[in-house]
Each structure stands twice: as structure tokens, then as C-alpha cells.
Amino acid sequence: MKKLLLGILTLGLVFSCGGKKEEATKKADTAVKVETLTVGASPVPHAELLEQVKEDLKKEGIDLKIVVFNDYVQPNMGLKDKSLDANFFQHVPYMNDFGKKNGFEMSAVGNIHIEPMAVYSKKIKSLNELKEGAEVLLPNDPTNLGRGLIMLDKAGFIKLKDNTKLDSTVEDIVENTKKIKFTTLAADQIAPRLNEVDAAIINANYAIDSKLTLADAILVESKDSPYVNIITVLKGNEADPRVAKLVKALQSEKIKKFIEDKYKGSVIPAF
């Protein structure tokens, strides 16, 4: 009788352990598989927006790694050498120009926001107050240089040979009645030098980073700007499901509200 009882207990223990093991295996099989997605971004507003979707992506099985850059070169080179899966800092004209000059192709996979470019000054309240020979700073990368010059042309401050030519340069100015001295610098170097010059054209992300708002600007780019900031991948990686989840998370009502509440018009949703 004792042997029979012991056998029953042993058999029950085997089934119990087997059931728990089977249950644990099922849980492991249904658990979300976590994949890493490495994205390069400018600090403001790009990295800030990415931080807002980290937890959302974690629920989708994506571990978002954000690598912050303070220039417009390394985030694209990171795509080329495949140290980055995607980047978030640029617009299509810059992407195309950079790819052409550096021998590789990239693709835009999602429109996120527009950052209106603007003219700022600590010395004057209007462009009309600029004196003859005044100095104005401009970004030196081809697309943002052309963008700034086109903005000045459309405002009637200068005249270009062709104000639809996106890569216009200072040499394309055909009318400069006040003989303004245009100095070009790397985009990230302009805001820190604003006090040294009469006026400066500053990209919105660097303006925000320097605590400048559109209320401080003396001229703001028109709303028909083609310079939408995008999620970018190396050509051939457009179908990456991890990036698709990132784009979906960024093109959400949550992020739209965050942009509108935090940036007060200095950044505008483009989805």
C-alpha cells in the first residue's frame, strides 16, 4: 500500500513539474522579441522627440538607442558605415546633396516636422534697420545656404539670379543695395556668434538649443517651405520593420501634441 501511494505521489510530481515546464516554455515563446534600433539625431528637437517614443517602441519589441550628434555630417556617415540604422536631423534637399557628394544613396521614409528657418538679431528689430556694410551670418552647407538666401530674396532684401534654385550661393546675388557682408559658417556655429554680428540666419534646431524663439526673430521663413525633417535610412533599407514602427510612433497624435505644446510654433508637425 505504501509503495502504491509513493508511486502515485511520484507520478503526480512528474506531471506537475512537466506542466510548469511546459507553461514556462509557452510564456517564453509568446514573449515579445526585443530588437535594437540605433538612430542618430540632432539634440533639439529630434532627440527630444525620439525620447518621447522610447517606451512606446519598447512595447513593440524595439529597444531604441539614440546617438546624439551636433553636426550635419556624422549622422549620414553613420548610415554609410552601418553604425546607425536610421537618422533624424535633415530634410530631403540636404539628404540628396550629401549623398551625391559622398557617393552613396539614402531614402526618406517618413515626414515628421518642419523647423522654420529665421533671421535673428540682438541689435535691430527689422531687416530695414541694417546699415550699409552690416554683417549677416549664413549656414555654409549648400542646401541651408540656398534656403537662407531664397528667404531673403522673397522678403525683398536681396535679389538672386533665380530664387527657385535651391543651391543658390552668395555668388548668385545680383542685387545687394546695402552692400551687406554675408559670412558663411557651419550651422551649429552661428547662434553662439549672434552677439558679434548684425544679424544671422539660424536653423530652428540650433535656435531652440540657444533659447531663441520665433518671437525673437526679425524674419521667418514662409509656411510653404519644402524642408520637412525626415527619418532617413540607407537606400535598400526602406522596408525595415523596426524603422516602420519608429515612423508610426513619431507620426502619432501624442507627438503632434508634444510638438505643439513644447515648441510653440518653432517646430511644426508635418504629418
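The values are calculated or read from the model by the stated rules, or taken from the named source; none is laboratory data. Quick caveat, the model's predicted, so the values are computed rather than measured. Note: ideal-geometry Cβ built from the backbone for every residue, glycine included; neighbour counts use all protein chains shown. In case anyone asks, the SASA skips ligands and DNA or RNA and just uses the protein heavy atoms, side chains included. Shrake-Rupley method; radii C 1.70, N 1.55, O 1.52, S 1.80 Å.
So which residues in segment 98-134 are of a type in the set (D, E, K, R) and either open to solvent by 40 Å² or more (accessible area, probe 1.4 Å) or in contact with a His (Cβ under 8 Å, 6 or more places away or on another chain) (or both)?
If the condition is that a residue be of a type in the set (D, E, K, R) and either open to solvent by 40 Å² or more (accessible area, probe 1.4 Å) or in contact with a His (Cβ under 8 Å, 6 or more places away or on another chain) (or both), then 100, 101, 105, 122, 123, 125, 129, 131, 132 are the ones that fit.
For segment 198-218, give me each residue that is farther than 19 Å from residue 70 by Cα and surrounded by fewer than 19 Cβ atoms within 10 Å (Cβ to Cβ).
Across segment 198-218, the qualifying residues are 213, 214, 215, 216, 218.
Against the condition closer than 22 Å to residue 145 by Cβ and either of a type in the set (S, T, N, Q) or surrounded by fewer than 22 Cβ atoms within 10 Å (Cβ to Cβ) (or both), how does residue 78 come out, does it pass?
It is false that residue 78 is closer than 22 Å to residue 145 by Cβ and either of a type in the set (S, T, N, Q) or surrounded by fewer than 22 Cβ atoms within 10 Å (Cβ to Cβ) (or both).
Report, by residue number, each residue of segment 135-165 that is of a type in the set (A, V, I, L, M) and surrounded by 17 or more Cβ atoms within 10 Å (Cβ to Cβ).
Passing the criteria: 136, 137, 138, 145, 149, 150, 151, 152, 158, 160.
Considering each residue of segment 222-242, count those that are within 13 Å of residue 114 (Cβ to Cβ) and crowded, with 17+ Cβ neighbours inside 10 Å, and give that number.
Going through segment 222-242 one residue at a time, the tally reaches 5.
Say whether the condition of being small (Gly, Ala, Ser), in a strand (DSSP E or B) and out of contact with any His (no Cβ under 9 Å at 6 or more places or on another chain) is met by at least one residue in segment 193-202.
Taking every residue of segment 193-202 in turn, at least one turns out to be small (Gly, Ala, Ser), in a strand (DSSP E or B) and out of contact with any His (no Cβ under 9 Å at 6 or more places or on another chain).
Go through segment 173-187 residue by residue and tally those that are assigned to a helix (DSSP H, G or I) and surrounded by fewer than 18 Cβ atoms within 10 Å (Cβ to Cβ).
0
Tell me, which strands (runs of 3 or more DSSP E) wholly within segment 37-132 include 3 or more residues that are closer than 18 Å to residue 267 by Cβ and touching a residue at least 12 places away in the same chain (Cβ under 8 Å)?
Hits in segment 37-132: 86-91, 106-114, 118-120.
Of 264, 245, which residue is under 28 Å from residue 52 (Cβ atoms) and open to solvent by 80 Å² or more (accessible area, probe 1.4 Å)?
264
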